[in-house]
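Asks: Right, I'll just put the structure down here and ask away after.
The values are calculated or read from the model by the stated rules, or taken from the named source; none is laboratory data. The structure presented is a predicted model; accordingly, all values stated were derived computationally and were not measured. Reconstructed Cβ throughout: ideal geometry from the backbone, glycine too, with neighbour counts over all protein chains shown. For the accessible areas, the whole protein counts, side chains as well, though only heavy atoms, and no ligand, DNA or RNA atoms are used. Shrake-Rupley method; radii C 1.70, N 1.55, O 1.52, S 1.80 Å.
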Amino acid sequence: MSAVLQRSAMSEKVALQGAIRIEDVVKIYDPEGAAVMAVDHCSLDIPAGEICMIVGPSGCGKTTLLNAIAGFHSITSGKIYLDDKLLCGPGKPMAEPGSDRIVVFQNGALFPWKTNLENVAFGPLMQGKMGKKEIYEKARSMMADAGLSGTEHNYPGEVSSGLRRRVEIVRALMNNPKVLLFDEPYRALDSLTKSVMHEALLEIYYKNKVTIFFITHDLEEAIFLGHRLVIMTSRPCKPKKILDIDIPHPRDYSVLTSPRFRELMDETIEVVHEEAKKAFAAGEKEG
Amino acid sequence: MKITGLRKTLFSRATLRAVIALSVFLVLWEIGSQSKQWLGFTVPWIGQVPAPTAVLKAWVELLSDPGYWQSWYMSTLRVLAGFFAAMLIGIPLGLFMAVNRTFNGLAFPSFEILRPIPPLAWVPASIIFWPTQELSIAFVTFLGAFFTVVINVLGGAKSIDVRFFQSAQSMGSSQWDVFRRVVLPATLPSIVVGSAVGMGITWEVVVAAEMISGGGGGGGSGGGLGFFIWNSYVGGSYEQIVVGMISIGIAGFACSELLRTLGGYFTPWLKKR
Amino acid sequence: MDQLVTLLKRAMPFQMVPDDTLKAIAGLAKYESHAQGDVIYHIGDYADDIYIVSSGSVQHTLGIGTQATHLDKTMRSGDVFGWAAVLENQRSRLAKTVCLERTELIRINGEDLINLFKASPALGDVVMSRFATMINKEFTLPEAVAAQVPHFTQAQATMATMATGLTLTMFRVSQWLKSPKPYLMLIGFSILLGIWYFTVEVWKLPRFEDMPGLTVVVKELFSKDPTYGLSLYTPEYYQHVWVSLRRIGIAFFLATILGVPLGLFLGWSKTFREYVFPVFETLRPIPILAWVPLAILMFSGSETPVIYLTFLASFFATALNTMLGVETIDESYSRAASCLGASKWQTFREVIVPGAMPFIFTGLQISIGVAWFSLVAGEMVSGQFGLGYVINTSYTMVRYPTIVIGMVTLGAVGYTTSAMVRMAGDYMMQWRVRELALGGR
Amino acid sequence: MTTDISHGLSATSASVSSKVNAGEITVSNVSKSYGAGLFTKEVIKDCSFTIECNKLTVMIGPSGCGKSTLIRLLAGFEKPTTGDIKLGGKPITGPGRDRLVVFQESALFPWMTTYENIMYGPRARGEDTQENRDQADYLLEKVGLTAFRKKYPPQLSGGMQRRAELARAMINNPEVMILDEPFRGLDCMSKELMWEYYAGLYEESRRTNFFVTTDIDEAIFLADRLLIMSNVPGQVRATIEVDLPRPRRLAFVFDSERANAVKMEALSLLHEEAMKSFTGGSKAAADFVEAYSRRSSKAEAG
């Protein structure tokens, strides 16, 4: 019981943190002298505790933006802040990767050579801030909370892909991150599993209010999950339309057929398709 | 665009580092070999190896020696003979094993029993069996490449996606058509890989076989590069050993590269975008 | 009423239910209070209602008499129990439930609840799925509890798994025996040996008649007093095998402890690779056998050159494959590690090394193969003992049958060592074995 | 549940009595199991339905419910354990060009150019005629790949590969086209564009099409008839006639009340099935959900 209390107290504290400010970011790739602009003067403010959905055609440069925030890629110009702390900007083109911003990857990046429990415990073990026993206890209880009891000693390759995604999210939450960065995590799942995963994600979110930066090209997923929807232009990428989703949380899947949901779909589908067609015509490769 | 690309690779950091590393390697080698004269004591191991400068000198002298080129010619001939025999027998055998289940059940276990025996262990038996030295070397060379080629072809043909067969069937293909236009091209990449690896082994085997059997019937300078090395050792011209080693390295590398280029030409769909 | 609604909302399965439905559920609910020690139900009672704890606490006991065990979790305010009431095939209570203090409960008839949800299947599914998760959580928790329920005894469970494992193996064996494979294999072997026997010893074909025959070889191999001095009964035979094995062992060990780290660093550090790899690549195309004279020059004696040659062959294969292994590790693994706060060194230890493991073991398999290859060559050229030496001296001393004995032994020993490497790999990569077992059923 | 099946059957008998349609597939009481003895796994059990002539029938169900097995049976790559499948009244004995399968993910031959891939069928039958070559050119243009005719499949984007595959199937003029999640793995936006594209191709030819998917929106957008599969062992749980007007356009379809109603109906059925496979990991939970669904289906029947 006390563990639960502690966690909720912690999540409240965390909820005040995790605002991301992207200012005028430009990213130009230079493969063999041919400059390709991936991100074009992109500015975006994400308040703490918001689920911000980034929608755009594949290969438009959304992932570049995510990688810049996570600290995997440098940016050419502009600034990115996390709670007034400069992540990257002039003189510091690349952010340091850290456990305050954790990425959930497109194909999943659970270490296949570690059991689910070892995966979940990985972050704190590496950071060495807690005792080993304490870490494993916490890992067990967090897994139980997410309905993952009984799979602790399985390897990720042994459980279903839906379960794997849940383990990965729990692994991220173990570190009390301020921001979760999702890179199309449900892309490879079939649509039915996906809908179950969406609800599971929301359930976890209601318990741990972290800022979520979520990349997708599934409009339905975007409207169902997000507080706010940012539609990106086809390459180079910058916000084309930003839309508040005024469907109240908590949501469940009956939202999918509600009139307001359909209105929002109608409002955005044209904009999204315009960009998709541009990318489609250009024959962009996916991923 | 192309020229700037070339210039970029030529002057890139990686090339620079490679040049530095190789230079350092050569200098260390030189110092190690000359340690007796320069440092007053012999560095263990490397101290016994002829210095690069001496090797270069010996090589320049050899370039005008027809015997040296004869060795090249002999070895290349044996490699090609063994290699083509292996391809000629190995590819159909591998394909047949992949296609025909009965034959696979019949032949594969026997094949797997013979495979772990190193090709060189066949040398004496081969010398006893074949009437000429030349044939026995060619046979061992053939064995070296044969097992690799068969295993690669078989593996390649077995891993063809079943959907390819199914869609070919549902478009009304005959058996022969499926074999010719699906199995064969789908196996081609593994044939290329198998032959490149097989080529490498062939060179290894040729050198060893030439050393063990003491050169071809001609003896002396007619014995191929392996014999050239052995002869140099027996004759005490140690610089020539290293020249021989480098020559074989170049020959093996060139053959494998040639095969890869050829293979790339036959499998255009594997090229990057 | 509103109080009931608030209470229901706290219970996990109903958290997402809209208020008007909650009101309907509240309409079905009955409110009751119990004193400390009251028994709500016994094991085996008919299950009709599910319960939500309003205040106080209750405890479940599984098993009867000395076998009785308390469930770890004490149910408190907001917890739901008695879910057997909403199951169709499990309508009797599995546990005895007792109030630990003065307790207030809400009870809802399971049947009514189901009927209510049937009216709105969409909502019903959500609630039911939450129920399912909850049951999952509570009833997979304590192993001690599982041990009490007759069906799930730990020992029995293990037995059951073992039994299925055994039957599965038996099943596979019987399937294999039913298939034409084993018979074809035998026919294949007979053909191979038949050709050998007939061509050499019966028909005495030209060229073939010089070869050692099948019966001669077999007789020699099993003879207590071998004509040519080498059989399973002579100590020399085992001495040769031992010498070869020892050389392989030393060379393979050295190649592994030097080759694996080198390969790991080559793959991991770009700078290191750019400096070292060109030298590596320049030396690699030179066939190992071409090193023989130089090796004899460099190392005195006859033992070291042979080991050196064997080592060199293994080393290149191991290092190269390890490097390839590191290069093929998906970038997102090391990215995930850095996200989770792992330092560079920790990433190397926890991600790079295990990630490259499958390739390392492929490399080691190749490495042991080429080690035998060059060992034989080395032993044939120089060396005093060993299987390669046997083959070569048998030839020069015209003891032909022992050539074949040497070859067969080489094949068998070579196969065994590579099988051992494979088994070591399986042992170290349990995750892979289990994954593959799952996929390749 | 029984009512749903009989609904499907009554449709069958009605059309059978009038005439046997050339492109109609009837599946009656088909079961398929793999393995033997103790390890038998029944994937499809007593499954009956009809694929009506000149209609686009879409089958939807949770992953692993035996849809792909059913396709292998329809195509004739495998034989059912019991029951029979007939095309135009004749039993299906093996693969044939009257039923063409378009696979999930692309099964284009990577060693052939786009054009060679499209021409594979005619060439395999020795019909490399001018007429067929013209047809190939026409189809290339129709799917917008004229500029890519000499490219190899790995050089095409995912969407282009799927379009090439559609063209490769269509040049053979099959009586029935069978599509096994052909747009799986495409990103959502390319996928939606492919729906419009494919619907257009279908509306032009009006062949008998059988389309299998896990995507509810895809199913409703495309279907004339919607078959909903149950979890393993697979059976048709319900049939829904999707009477939306054609030609269909994305914005229009998703605006319509009728589409929304169909979606709601299908969703509630599917969610239940998905839940079953989702919670399949735990015995208790699986029992639980199964019990629940048994109750609700009983309620529907009664």
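Asks: At 1.4 Å probe size, with the rest of the protein present, what percent of the exposed accessible area of region C:212-438 is carbon and sulfur atoms?
Replies: 67 percent
Asks: Starting with the highest mean, order C:408-421, B:241-254 by the number of other Cβ atoms within 10 Å, averaged over the residues of each peptide.
Replies: Going by the mean number of other Cβ atoms within 10 Å, highest first, we get B:241-254, C:408-421.
Asks: Also, I was wondering about something else. Starting from the Kirkwood Rh over alpha-carbon pairs, what translational D in µm² s⁻¹ does region A:156-280 have by Stokes-Einstein at 37 °C and 0.692 mPa s?
Replies: Calculated translational D: 209 µm²/s.
Asks: Accessible area per residue for region D:93-246 in Å², computed with a 1.4 Å probe and the full protein assembly in place, what is it?
Replies: 30 Å²
Asks: Taking R0 as 60 Å, what FRET efficiency do you get between A:Tyr29 and C:Ala412 from their Cβ-Cβ distance, rounded to the nearest 0.05?
Replies: 0.60
Asks: Under a GNM of chain A (C-alpha, springs under 10 Å), which listed residue has the highest mean-square fluctuation: A:Pro236, A:Pro112, A:Pro93?
Replies: Maximum fluctuation in the GNM of chain A, among the listed residues, is at A:Pro112.
Asks: Which of the residues in region B:113-128 show a loss of at least 50 Å² in accessible area from their chain by itself to the complete set of protein chains, at a probe of 1.4 Å?
Replies: Flagged in region B:113-128: B:Pro116, B:Ile117, B:Pro118, B:Leu120, B:Ala121, B:Pro124, B:Ile128.
Asks: Hey, another quick one. Ignoring ligands, DNA and RNA and using a 1.4 Å probe, state the total buried accessible area between C and D in Å², rounded to the nearest 100.
Replies: Looking at C and D, the buried total is near 2100 Å².
Asks: Still on this structure: At 7 Å along the Cα-to-beta-carbon direction for both C:Lys204 and A:Ser141, put a label point, then send me their distance in nm to one decimal.
Replies: It is 9.0 nm.
Asks: Past 23 Å, Cα to Cα: identify those pairs from D:Lys32/D:Lys86; A:Lys79/A:Lys238; A:Lys238/D:Lys151; A:Lys240/A:Lys278; A:Lys85/A:Lys209; D:Lys67/D:Lys150, in the order given.
Replies: A:Lys238/D:Lys151; D:Lys67/D:Lys150
Asks: So how do D:Arg123, A:Arg166, B:Arg180, D:Arg168 rank on accessible area, 1.4 Å probe, biggest first, that is with the largest at the start?
Replies: Largest to smallest exposure gives the sequence B:Arg180, D:Arg123, A:Arg166, D:Arg168.
Asks: Can you give me the C-alpha center-to-center distance between region D:86-127 and region C:315-379, rounded to a whole angstrom?
Replies: Result: 43 Å between the Cα centres.
Asks: Right, something else. Just counting partner chain Cβ atoms within 10 Å, what average do the residues of peptide B:17-23 show around their Cβ?
Replies: Going residue by residue through B:17-23 and averaging, the value is 5.
Asks: So what is the diffusion coefficient of region B:170-268 in µm² per second by Stokes-Einstein at 25 °C and 0.890 mPa s, using a Kirkwood Rh over Cα pairs?
Replies: For the chosen part, D equals 153 µm²/s.
Asks: Over its Cα atoms, what ratio of radius of gyration to 2.2 N^0.38 Å does region A:116-172 give?
Replies: 1.05
Asks: Mind giving me the nanometre distance, one decimal, between the label points for A:Glu267 and C:Val173, set 7 Å out from Cα along Cα→Cβ?
Replies: Placing both labels 7 Å along Cα→Cβ, they lie 6.9 nm apart.
Asks: Still on this structure: Just report the Cα centroid separation between region A:176-222 and region B:69-127, whole Å.
Replies: The distance from the Cα centre of region A:176-222 to that of region B:69-127 comes to 56 Å.
Asks: Per the 1.4 Å probe, what fraction of the accessible area of region D:35-150, in percent, lies on carbon and sulfur atoms?
Replies: Whole-percent figure for carbon plus sulfur exposure: 48.
Asks: At a 1.4 Å probe, which residues in region C:275-289 are at least 30 Å² less accessible with all protein chains present than in their chain isolated?
Replies: With the partner chains in place, region C:275-289 has these residues losing at least 30 Å²: C:Tyr275, C:Pro278, C:Val279, C:Pro285, C:Ile286, C:Pro287, C:Leu289.
Asks: Just from the alpha-carbon atoms, what are the Rg and Dmax of region B:50-272 in angstroms?
Replies: Cα radius of gyration and Dmax of region B:50-272 are 20.8, 70 Å respectively.
Asks: Based on the Cβ-Cβ distance of C:Glu281 and C:Gln430, what FRET efficiency does E = 1/(1 + (r/R0)^6) give at R0 = 35 Å, to the nearest 0.05?
Replies: 0.50
Asks: Between chains C and A, what is the buried accessible area in Å², counting both sides, with a 1.4 Å probe and ligands, DNA and RNA left out, to the nearest 100?
Replies: The contact between A and C buries close to 3100 Å².
Asks: Something else now. Over region A:152-203, what number does the Rg to Rh ratio reach, with both radii from the alpha-carbon atoms and Rh per Kirkwood?
Replies: The Rg/Rh ratio comes out at 0.96.
Asks: Okay, moving on. Return P(r) of region C:212-438 (all Cα-Cα pairs; 5 Å bins starting at 0; whole %; ordered from short to long distances).
Replies: 1, 7, 12, 15, 14, 13, 11, 9, 7, 5, 3, 2, 1, 0, 0
Asks: Over the Cα atoms of chain A, how large are the radius of gyration and the largest Cα-Cα distance (Dmax), in Å?
Replies: Cα-based Rg and Dmax for chain A come out at 18.9, 60 Å.
Asks: Need one number: nm distance between label points at B:Leu270 and C:Phe222, each 7 Å from Cα along Cα→Cβ, rounded to one decimal.
Replies: Distance between the two pseudo-spin positions: 4.8 nm.
Asks: Roughly how big is the D-A contact, given as buried accessible area in Å² (both sides, 1.4 Å probe, nearest 100)?
Replies: 3100 Å²
Asks: Follow-up. Around A:Met130, what is the net charge, scoring Lys/Arg as +1 and Asp/Glu as -1 over all other residues with Cβ under 13 Å from its Cβ?
Replies: After counting each charged neighbour, the total is +2.
Asks: Another question, if that's okay. Run down the aspartates and glutamates and flag those whose C-alpha is under 20 Å from the C-alpha of C:Lys344, throwing out any fewer than 8 positions away in its chain.
Replies: Cross-link targets: A:Glu96, A:Asp100, A:Glu118, C:Glu274, C:Glu327, C:Asp330, C:Glu331.
Asks: With everything on Cα atoms, drop me the angle between helix A:161-173 and the longest principal axis of chain A, reported from 0 to 90° to the nearest 10.
Replies: Roughly 80 degrees, rounded to the nearest 10.
Asks: In Å², and per residue, what accessible area does region B:25-140 have when probed at 1.4 Å with the other protein chains present?
Replies: For region B:25-140, the per-residue accessible area is 52 Å².
Asks: Just need log10 I(q)/I(0) for region C:228-284 at q = 0.31 Å⁻¹, Debye formula, equal scatterers on the alpha-carbon atoms, no solvent, rounded to two decimals.
Replies: -1.11
Asks: A follow-up question, please. What do you reckon, how do C:Arg207, D:Arg237 stack up by accessible area (1.4 Å probe), largest on top?
Replies: So the residues, ranked largest to smallest area, are C:Arg207, D:Arg237.
Asks: If one takes the longest principal axis of the Cα atoms in chain B, at what angle in degrees, from 0 to 90 and to the nearest 10, does the Cα axis of helix B:13-33 lie?
Replies: The two axes meet at around 50 degrees.
Asks: Next question, about the same structure. Computed FRET efficiency, Cβ-Cβ of B:Ile31 and C:Gln384, R0 56 Å: what is it to the nearest 0.05?
Replies: Computed FRET efficiency for B:Ile31 and C:Gln384: 0.95.
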